[in-house]
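Student: Quick one: the structure is below, questions incoming.
Values quoted throughout were computed directly from the atomic coordinates according to the rules given, and no laboratory measurement underlies them. Predicted, not measured: the structure shown is a model, and the values here were computed from it. Because the Cβ atoms are built from the backbone with ideal geometry, glycine has one as well, and the counts that use them run over all protein chains shown.
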Amino acid sequence: MPIWFRQPTPEILNRQAKKTLLEQLDIIFTEVGDDYLVATMPVDHRTVQPAGLLHGGASAALAESLGSFGAYLTVDPEKFDCVGIEVNANHVRGKSEGIVTGIAQPIHRGRTTQVWDIRIVDEREKLVCASRLTVAVVVKG
């Protein structure tokens, strides 16, 4: 059973990402499951640190983007906003080129908070970053 308030598609999400940080980092949504989102991000001049490895901040941006979009998609957007209140990221493997893929799933979906688990993997499905995002669900007013 899907968890989405309105069923999203990658095309819809990529349109919503225009003129945002996601567009600058070339984060592309590729899949929407019943309870998860998937997006890719290149490891290139926009996303590496001076030593040439994937920047931890870029991984955190991918993770927060996936979790925030996921949370927002589960609520009535006429009544609620979702805002990140804490993100953590454990960078477990370096990456200097190619593409990373983030997979986000909710751990908790409450009335006022949500917690999302985001795994970022390389092309061989090796874990690059394990992240968790806490989101506040705020009544519009």
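Student: Cβ-Cβ below 9 Å, separation at least six or inter-chain, first residue in the range 61-81 and more than 19 Å from Gly33 (Cβ to Cβ), second of a type in the set (Phe, Trp, Tyr) and part of a loop (DSSP other than H, G, I, E, B): which pairs?
Tutor: Asp76/Phe5; Pro77/Phe5
Student: Take Gln114 and tell me if it is touching a Pro at 6+ places or on another chain (Cβ under 9 Å) and not charged (D, E, K, R).
Tutor: Yes, satisfied.
Student: Right, next: Looking at the range 72-135, what strands (runs of 3 or more DSSP E) fall wholly within it and have at least 3 residues that are over 15 Å from the mean Cα position of the chain (by Cα) and surrounded by fewer than 11 Cβ atoms within 10 Å (Cβ to Cβ)?
Tutor: none
Student: Test Asp44 against the stated conditions and say whether it is touching a Phe, Trp or Tyr at 6+ places or on another chain (Cβ under 6 Å) and of a type in the set (D, E, K, R).
Tutor: no
Student: Which condition does Phe29 not pass, out of (1) in a loop (DSSP other than H, G, I, E, B); (2) crowded, with 21+ Cβ neighbours inside 10 Å, if it passes all the others?
Tutor: The number of the failed condition is (1).
Student: Give me the pairs: first residue in the range 4-16 and within 9 Å of Val32 (Cα to Cα), second residue of a type in the set (D, E, K, R), beta-carbon distance under 7 Å, and six or more apart or on different chains, which are they?
Tutor: Pro10/Glu31
Student: Which pairs have Cβ atoms under 6 Å, sit 6 or more apart or on different chains, and link a residue in the range 118-131 that is under 21 Å from Ala71 (Cβ atoms) and without any contact (Cβ under 8 Å) to a residue 60 or more places away in the chain to one that is hydroxyl-bearing (Ser, Thr, Tyr) and surrounded by 17 or more Cβ atoms within 10 Å (Cβ to Cβ)?
Tutor: Listed pairs, sorted by first residue: Ile118/Ser131.
Student: Can you tell me which residues in the range 17-35 are under 21 Å from Thr74 (Cα atoms) and in contact with a helix residue (DSSP H, G or I) (Cβ under 8 Å, 6 or more places away or on another chain)?
Tutor: Ala17, Leu22, Ile27, Ile28, Phe29, Thr30, Glu31, Val32
Student: Go through the range 32-71 residue by residue and tally those that are in a loop (DSSP other than H, G, I, E, B) and buried (at least 19 other Cβ atoms within 10 Å of the Cβ).
Tutor: The qualifying residues number 1.
Student: Can Asp81 be described as out of contact with any Pro (no Cβ under 6 Å at 6 or more places or on another chain) and either among the hydroxyl-bearing types (Ser, Thr, Tyr) or closer than 18 Å to Ile27 by Cα (or both)?
Tutor: No: the conditions fail for Asp81.
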